[in-house]
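Laboratory data are not the source of any read-out in this text; all were calculated from the coordinates shown. Nothing here was measured: the structure is a model prediction, and the numbers come from that model. Glycine gets a Cβ as well: all are built from the backbone with ideal geometry, and neighbour counts include every protein chain shown.
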Amino acid sequence: MTVIPPSDFRSRAMATIGAQPIAFAAAALVLIVSGIGAIFLWRVATGMTPETERAAVVGRQVQARVVQTSEQIMEKTKGLAMSQQESIDQLQAVQDQLHALQQMVAAQRTETRKLSEQVGEIGSNLDGLRQSFASARTPDASERPAVRQKPAVRSPRAKAKKPLRKRTKSRR
């Protein structure tokens, strides 16, 4: 194997690159700058940049979530409106029933007052009849019917009964 001294290595590497390393570096720099410029012009011409595209995607996702949430809110609102309407209908029915009951109670009170007045009139008429009957019937001694006398009370012995005897079979 042959050992190459370091100085020879440098001279060979330089020979392969060329005589003008600065020109080579400048050409590479021009290629890189023109590539970056082309990418920039392409993005400007199409109006799409990765940042704006990502922002647009995120915006669409947020918009989809907002739409979904608003639909859910609308459904819940409709459900609440329906339940509120049902509650209103039930309350109206209860109020109608209460009104009917109040009318029935008022009619019963009126009927009770009428009946009380009639009972009072009957009581007054009855008192008047009693008074007229009592005044028409003043008993005279001659008109009085004979009073019956009660039969004589028996002595306690007469009331006592003989004790009952039990019948028994005779043994023969």
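A simple spin-label model places the labels of residue 134 and residue 63 10.5 nm from each other, with each point 7 Å out along Cα-to-Cβ. Cβ-Cβ distance of residue 92 and residue 112, R₀ of 41 Å, FRET efficiency by 1/(1 + (r/R0)^6): the value works out to about 0.85. Compared with the direct C-alpha span, the chain from residue 70 to residue 43 gains 6.2 nm at full extension, assuming 0.36 nm per residue.
Find the percent of Cα-Cα distances in region 38-145 that exceed 19 Å, and round it to a whole number.
So the pairs more than 19 Å apart make up 79 percent of the total in region 38-145.
Taken one residue at a time, the phi angles of region 76-93 give Karplus couplings (6.51, -1.76, 1.60, θ = phi - 60°) of 5, 5, 5, x, 5, 5, 5, 5, 5, 5, 4, 5, 5, 4, 5, 4, 5, 5 Hz. Gly and Pro are set to x.
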